[in-house]
Amino acid sequence: MDICIGGIFDGQKIEQDNDFLKIEEHYSDNSSKYIKQHFHLFGQIFSFWVCEDVDLSQAIRKAESILKKKNENI
């Protein structure tokens, strides 16, 4: 999936081969650091970019919510 959880790009999809990503906003001091995390949810493995400011339990809940919404739209 490669969807960002938390930070500047929350909810946006970013496809990169790296395991770490830093996003900086132009003309400001805001930045977000993301680490690629793989979650085993609903019998499958999904990858998400999790902002370092988000704890793992919050990230899992957000990932589950994203997947449930995606399944409702199918």
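Give me the pairs: first residue in region 16-36 and closer than 13 Å to residue 47 by Cβ, second residue part of a loop (DSSP other than H, G, I, E, B) and polar (S, T, N, Q), beta-carbon distance under 7 Å, and six or more apart or on different chains, which are they?
Pairs found: none.
Looking at region 40-67, I want the residues that are under 16 Å from residue 8 (Cβ atoms) and have a partner that is in a loop (DSSP other than H, G, I, E, B) and among the small types (Gly, Ala, Ser) with Cβ atoms under 6 Å, at least 6 apart or on another chain. Which pairs are those?
Short answer, once both residue conditions are applied: 51/6; 51/7; 53/6; 54/6.
Of the residues that make up region 26-49, is at least one surrounded by 17 or more Cβ atoms within 10 Å (Cβ to Cβ) and in a loop (DSSP other than H, G, I, E, B)?
Within region 26-49 (the criterion being surrounded by 17 or more Cβ atoms within 10 Å (Cβ to Cβ) and in a loop (DSSP other than H, G, I, E, B)), the answer is no, since none of the residues qualifies.
Restricting the search to region 21-38, which residues are out of contact with any Cys (no Cβ under 9 Å at 6 or more places or on another chain) and modelled with pLDDT under 95?
22, 24, 25, 26, 27, 28, 29, 30, 31
The values are calculated or read from the model by the stated rules, or taken from the named source; none is laboratory data. Keep in mind it's a predicted model, so treat the numbers as computed, not measured. A quick note on method: Cβ atoms are made from the backbone with ideal geometry, for glycine too, and the neighbour counts reach across all protein chains shown.
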